[in-house]
Amino acid sequence: MPEHSSDTGNNKALVLFSGGQDSTTCLAWALDRFAFVETIGFSYGQRHVIELTQRQVVRASIARQFPAWAERLGDDHLVTIEALAEISQTALTRDMAIEMDAQGLPNTFVPGRNLLFLTFAGALGYRRGLKHIVGGMCETDFSGYPDCRDDTVKAMQVALNLGMDRRFVLETPLMWLDKAETWRLAEALGGQALVDLIIEETHTCYLGERGALHAWGHGCGQCPACVLRAKGYAAYRDGVA
């Protein structure tokens, strides 16, 4: 647990929370470290809009199964940014096949998404007195998304601090972890109970399919998010480093 300081926001965090595996692990990570944690989610016309429903299911399950964390879990905030879908042409905001684009990026990349998310999180953190902003960005399993890079997050931290005259700290606990290591982190934080919660309640599938419950969770099993999650879970169960 971080020590308290004269900065009243020093031990308070805001988690970018989609209701998926990564953001749920980040929420557990924050609840394990900070005295007070709020969550923020975004409705941006995403194809997998079911994640907005699962956010509340996951929050309720965490509060019910982990009483110590429930005491630290504060308000949830949902921000609507439908203009993001209006100006983007991606497989996450349109009914189109998932494929690679001419630049070698998967067309699930929504340009500017994480930049906007962090900006809105900073604005909310400013008003709510929350210093630490926690996101699930990751360079190891990031599909090549440029807004998931460590350099991008560091640059956004500088921009937010200059533009809002605050000392936000952007935390990315998954930045250098692969999916197997993310599963291990969840187990270290909340044991098998948290692993089971992530499998049964979270949503990561890009196509928004819940369907059958696989060993690694719900999803179509074919989209890049499902394939990555399943592969990571298999490595985690097999104890592969």
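Residues whose amide H comes within less than 5 Å of that of His77, counting only those at least five positions distant or on another chain, are Thr39, Ile40, Gly41 (H built at 1.01 Å from N in the peptide plane). Applied to region 152-167, the Karplus parametrisation 6.51 cos²θ - 1.76 cosθ + 1.60 on θ = phi - 60° returns per-residue 3J(HN,Hα) values of 5, 5, 4, 5, 5, 4, 4, 5, 5, 5, 6, x, 10, 6, 10, 10 Hz, with x for Gly and Pro. Each Cα pair of region 12-238 feeds into the Kirkwood radius, which the Stokes-Einstein equation turns, at 25 °C and 0.890 mPa s, into a diffusion coefficient of 139 µm²/s. Charge tally for Ile198 (other residues, Cβ to Cβ under 10 Å; Lys, Arg +1; Asp, Glu -1): -4. Between amide H atoms placed 1.01 Å from N, distances below 5 Å from Glu171 occur with Ile133, Val134, Gly135, all of them 5 or more places distant or on a separate chain.
Ranked by Cβ crowding within 10 angstrom, fewest neighbours first, how are Thr182, Thr53 ordered?
Listed from fewest to most nearby Cβ atoms, that is Thr53, Thr182.
Sequence-ordered 3J(HN,Hα) estimates for region 194-207 from the Karplus curve with 6.51, -1.76 and 1.60 and θ = phi - 60° stand at 6, 4, 5, 4, 5, 5, 8, 10, 6, 9, 10, 4, 5, 8 Hz, glycine and proline given as x.
Could you list Lys131, Lys231 so that the one with the fewest beta carbons within 10 Å of its beta carbon is first and the one with the most is last?
Values: Lys131 20, Lys231 15.
Ranking Lys131, Lys231 by Cβ neighbours within 10 Å, fewest first, gives Lys231, Lys131.
Each residue of region 226-233 was assigned a 3J(HN,Hα) from its phi angle through the Karplus expression (A = 6.51, B = -1.76, C = 1.60, θ = phi - 60°), giving 5, 4, 5, 5, 5, 4, x, 5 Hz with x at Gly and Pro.
Across region 6-87, C-alpha contacts under 8 Å between residues 6 or more apart give a mean separation that, scaled by the residue count, equals a relative contact order of 35 percent. Among beta bridges identified by DSSP and lying wholly in region 12-238, the antiparallel ones come to about 15 percent.
Read the figures in this text as sums done on the coordinates, not as results from a lab. Worth saying up front: this structure is predicted, and the values here are computed from it rather than measured. Using ideal geometry, Cβ is built from the backbone for each residue, glycine included, and neighbour counts are taken over all protein chains shown.
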